[in-house]
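Engineer: This is the structure, below, for whatever I ask next.
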Amino acid sequence: MASTTGTTGTGTAARTTVRGRLTALGRAEVFLLARNRTAVFVSLLMPAAMVLAMKSALKQSVLDGTGLSVAGAALTGGIGIVLIQAVYMNLVSSYVARREDLVLKRLRTGEVTDPEILVGTALPSVALALAQTVVIVVAGTAFFGLAAPQRPELLLAGLLLGVVLLAALAAATSVVTRTVQTSQLTTLPLFFISMMGSGLFVPLEVMPDPMASVCELLPVTGVMTLVRTGWLGGAGGSDLLVAAVTGLAWTGFAVFAVQRRFRWDPRR
Amino acid sequence: MTSDDIPGNRPDRTVTPVTAASASASRSDAVIEATGVRRRYAGGFEAVAGVSFSVARGELFALLGTNGAGKTSTVELLEGLAVPDGGTVRVLGHDPFRERAAVRPRIGVMLQEGGFPSELTVTETVRMWAGCTSGARPTGEALELVGLSHRGRVRVKQLSGGERRRLDLAMALLGRPEMLFLDEPTTGLDAEGRRDTWELVRELRDGGTTVLLTTHYLEEAETLADRLAIMHRGRIVTAGTTAEVTAARPSRIRFELPEGVPAARLPLGLRAAADGQRIEIRTHRLQESLDELLTWARESDVRLLGLDARSASLEEAFLDIAQSASESEKVAA
């Protein structure tokens, strides 16, 4: 058997770094994601199917006067669907699975900090979502006649805000989710609200005014406004400000909720 | 590990003299110091009700207790997983919760119930943990330590309960910790696995690692621990070396009287408890009591069936404490 002796203590041993710890966690999560066929299937195919469905369902006449084309509405909506599917829905089940398998509890005994555990677990899902977004943008400009992103910095800001917001909302949703199976239920409210109210399926521009103003305050609407404007142009300064502020406010709220209420142990 | 490695009676396994053991736990030298520690759960239940003890560098300290005695609740406070509701804990000179960044790289933890992703292989799991551990051993070495080298490519979900326990131990040992927390490390292991783990823990101790072990196997504490404490309902009821803990406890004589010989005929000097023909005598003077009993038996021509006499063991002490503590609570209530 191997020797148990040798250097006891860490005076000289190399300390781990944040980057090293996140890499280790992230790599393990990549293996886990790759071995979860259902999650990969849903993450990859659902957005494509939804974009195609939207494209055939939306009529140009509906969008008249909004400045949006059918392809523009469908593909930017597709980015929103990617964020919800790959980041939010995937992560709720990841967080719940790790909690129920006592993995979170075990990780908390080590050097990795609480935020690092949540971020490390999220890394592969976030990477998958960003990669799919790149595919959507490339496909949009190459095959669907859309222009290259008008304001890339806005698109990027919207994506980053979306990733952080939806990861935080996923962690918050895991609190009320007992099992991986029930995560299919607990993720539905945000999914539907965002589909209908945040401009993923129905652009806010076609809604009557009072309804649109309410919908502007929904969690994902701000992110969608930034993403859509970043790619297609359009919205002006004050709209963007409202979008950024609501997005940041929801993110702050979600992070606060996670700090206060996140469960690291299974319920007993 | 093979059974050949298991030594018989090593000279260094003899019980340390009482004074030396106590002196070695002096404050300056203590790796763990718990003072008046309390922990209350949401429902108001006080799982840890004022616990104080210290563990000296290089010492193997065992925390014993019935289920629900508060062992794990106590250990979790020392591991820095929760903040005590009262009292203070210091590990390696630091507050394990607030100064976790200073403490964690120097300790290794094996939870009573901890998990690893079931879809990862054993090797992948060790690599993940190594990436989060300062000065980690090579993966192969860690698996060899616990005898899992041949299981590296197996998914965690396919491991047996005992193998999972050993994987958990490998993680706890990965960073060559100065201080090792083992919460029921051999639960679910077969006899051989248990012996292998004991041998490994002993080697670590001999190499200078300080160990805090909880267990409900009394034999485990008796074999491994330099000092131990017995917890009951959130409190430490008794503490010391095995010899110290058992010294105050009565020895026990058991036998069965033949039909027709009533227990009342036993000599009055013996404090006997009778259950039909079955007799149990508790005594602090085993030799004298035995002498009295055997003399009486010879003179009365009575055959004592299944005669069994034993000095106080940790088990005796443990049962005695658990029982008397419950009784005194009944009286108080």
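The values are calculated or read from the model by the stated rules, or taken from the named source; none is laboratory data. Since we're looking at a predicted model, the values are computed, not measured. All Cβ positions, even for glycine, are placed from backbone atoms using ideal geometry, and neighbour counts span all protein chains on display. We work out accessible area using only protein heavy atoms, side chains counted, and drop any ligands, DNA or RNA first. Shrake-Rupley method; radii C 1.70, N 1.55, O 1.52, S 1.80 Å.
Engineer: Among the listed residues A:223, A:176, A:206, A:202, identify the single one that is among the β-branched types (Val, Ile, Thr) and closer than 23 Å to residue A:264 by Cα.
Structural biologist: Exactly one residue qualifies, and that residue is A:176.
Quick grid of which residues meet (1) assigned to a loop (DSSP other than H, G, I, E, B); (2) open to solvent by 30 Å² or more (accessible area, probe 1.4 Å); (3) basic (Lys, Arg); (4) more than 8 Å from chain A (Cβ to nearest Cβ):
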site	(1), (2), (3), (4)
B:77	no, no, no, yes
B:83	yes, yes, no, yes
B:103	no, no, no, yes
B:108	no, no, no, yes
B:118	yes, yes, no, no
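Engineer: Here is a further query. Against the definition (farther than 25 Å from residue A:43 by Cα, without any contact (Cβ under 8 Å) to a residue 40 or more places away in the chain and among the charged types (D, E, K, R)), how does residue A:239 come out, yes or no? Break it down into steps so the answer makes sense when it comes.
Structural biologist: On the way: farther than 25 Å from residue A:43 by Cα: yes; without any contact (Cβ under 8 Å) to a residue 40 or more places away in the chain: yes; among the charged types (D, E, K, R): yes.
Answer is yes for this residue.
Engineer: Report, by residue number, each residue of segment B:202-219 that is more than 9 Å from every other protein chain (Cβ to nearest Cβ) and open to solvent by less than 10 Å² (accessible area, probe 1.4 Å). So that I can check it myself, show each step before the final result.
Structural biologist: Let us first name the residues in segment B:202-219 that are more than 9 Å from every other protein chain (Cβ to nearest Cβ), namely B:202, B:205, B:210-219.
If the condition is that a residue be more than 9 Å from every other protein chain (Cβ to nearest Cβ) and open to solvent by less than 10 Å² (accessible area, probe 1.4 Å), then B:210, B:211, B:212, B:213, B:214, B:215 are the ones that fit.
Engineer: Can you find, within segment A:98-112, the residue that is nearest to residue B:78 (Cα to Cα) among those that are more than 8 Å from chain B (Cβ to nearest Cβ) and open to solvent by less than 20 Å² (accessible area, probe 1.4 Å)?
Structural biologist: Start the filter on segment A:98-112 by keeping residues that are more than 8 Å from chain B (Cβ to nearest Cβ), which leaves A:99-100, A:104.
From what is left, the residues that are open to solvent by less than 20 Å² (accessible area, probe 1.4 Å) are A:99, A:104.
Values: A:99: 22, A:104: 18 Å.
For segment A:98-112, the residue satisfying everything is A:104.
Engineer: Let me ask something else about it. Among the residues of segment B:205-214, is any closer than 19 Å to residue B:87 by Cβ and either assigned to a strand (DSSP E or B) or in contact (Cβ under 8 Å) with a residue 40 or more places away in the chain (or both)? Give the steps one after another, and end with the answer.
Structural biologist: Step one: filter segment B:205-214 for residues closer than 19 Å to residue B:87 by Cβ, giving B:212, B:214.
Keeping just the survivors that are either assigned to a strand (DSSP E or B) or in contact (Cβ under 8 Å) with a residue 40 or more places away in the chain (or both) gives B:212, B:214.
Yes: one or more hits.
Engineer: Let me ask something else. Is it fair to say residue B:225 is closer than 25 Å to residue B:312 by Cα, modelled with pLDDT of 90 or more, open to solvent by less than 50 Å² (accessible area, probe 1.4 Å) and touching a strand residue (DSSP E or B) at 6+ places or on another chain (Cβ under 9 Å)?
Structural biologist: Numbers: closer than 25 Å to residue B:312 by Cα: yes; modelled with pLDDT of 90 or more: yes; open to solvent by less than 50 Å² (accessible area, probe 1.4 Å): yes; touching a strand residue (DSSP E or B) at 6+ places or on another chain (Cβ under 9 Å): yes.
Considered against the rule, which asks whether it is closer than 25 Å to residue B:312 by Cα, modelled with pLDDT of 90 or more, open to solvent by less than 50 Å² (accessible area, probe 1.4 Å) and touching a strand residue (DSSP E or B) at 6+ places or on another chain (Cβ under 9 Å), residue B:225 comes out as yes.
Engineer: If you go through segment B:130-163 one residue at a time, how many are within 11 Å of another protein chain (Cβ to nearest Cβ) and of a type outside the set (Ser, Thr, Tyr)? So that I can check it myself, show each step before the final result.
Structural biologist: Within segment B:130-163, the subset within 11 Å of another protein chain (Cβ to nearest Cβ) is B:130-138, B:140-147, B:149, B:155-157.
From the residues that got through so far, the ones that are of a type outside the set (Ser, Thr, Tyr) too are B:130-132, B:135-138, B:140-147, B:155-157.
The number of residues fulfilling the criteria is 18.
Engineer: Give me a count of the residues in segment B:1-59 that are modelled with pLDDT of 80 or more and part of a helix (DSSP H, G or I). If you could, list the steps in order and put the result at the bottom.
Structural biologist: The first filter runs over segment B:1-59 and keeps only residues modelled with pLDDT of 80 or more, leaving B:30-59.
Those still in the list that are part of a helix (DSSP H, G or I) too: none.
Of the residues in that region, 0 qualify.
Engineer: Could you list all residues from segment B:164-181 that are within 8 Å of another protein chain (Cβ to nearest Cβ) and of a type in the set (Lys, Arg)?
Structural biologist: Within segment B:164-181, just B:176 meets the criteria.
Engineer: Starting from segment B:59-79, take each residue that is closer than 15 Å to residue B:218 by Cβ and list its partners that are open to solvent by 10 Å² or more (accessible area, probe 1.4 Å) and of a type in the set (S, T, N, Q), counting only C-beta distances under 8 angstrom and pairs at least six apart or across chains.
Structural biologist: If the second residue must be open to solvent by 10 Å² or more (accessible area, probe 1.4 Å) and of a type in the set (S, T, N, Q), no pairs are left.
Engineer: Scan segment B:128-139 residue by residue and report those that are at negative phi and either crowded, with 20+ Cβ neighbours inside 10 Å or touching a Ser or Thr at 6+ places or on another chain (Cβ under 6 Å) (or both).
Structural biologist: If we filter segment B:128-139 for residues that are at negative phi, which is where we start, we get B:128-134, B:136-139.
The answer is B:128, B:129, B:130, B:131, B:132, B:133, B:134, B:136, B:137, B:139.
Engineer: Give me a count of the residues in segment B:52-78 that are more than 17 Å from residue B:215 (Cβ to Cβ) and among the aliphatic types (A, V, I, L, M).
Structural biologist: Of all residues in segment B:52-78, those more than 17 Å from residue B:215 (Cβ to Cβ) come to B:52, B:54, B:56-58, B:77.
Filter again for among the aliphatic types (A, V, I, L, M), leaving B:56, B:77.
Within segment B:52-78, residues that are more than 17 Å from residue B:215 (Cβ to Cβ) and among the aliphatic types (A, V, I, L, M) number 2.
Engineer: Give the residue that is nearest to the chain's Cα centre (by Cα), with candidates limited to residues of segment B:85-101 that are assigned to a loop (DSSP other than H, G, I, E, B) and surrounded by fewer than 22 Cβ atoms within 10 Å (Cβ to Cβ).
Structural biologist: Narrowing segment B:85-101 to residues assigned to a loop (DSSP other than H, G, I, E, B): B:85, B:92-93, B:95-99.
Next, only the ones that are surrounded by fewer than 22 Cβ atoms within 10 Å (Cβ to Cβ) stay: B:85, B:92-93, B:95, B:97-99.
On the way: B:85: 25, B:92: 21, B:93: 24, B:95: 24, B:97: 24, B:98: 28, B:99: 27 Å.
Looking at residues that are assigned to a loop (DSSP other than H, G, I, E, B) and surrounded by fewer than 22 Cβ atoms within 10 Å (Cβ to Cβ), I get B:92.
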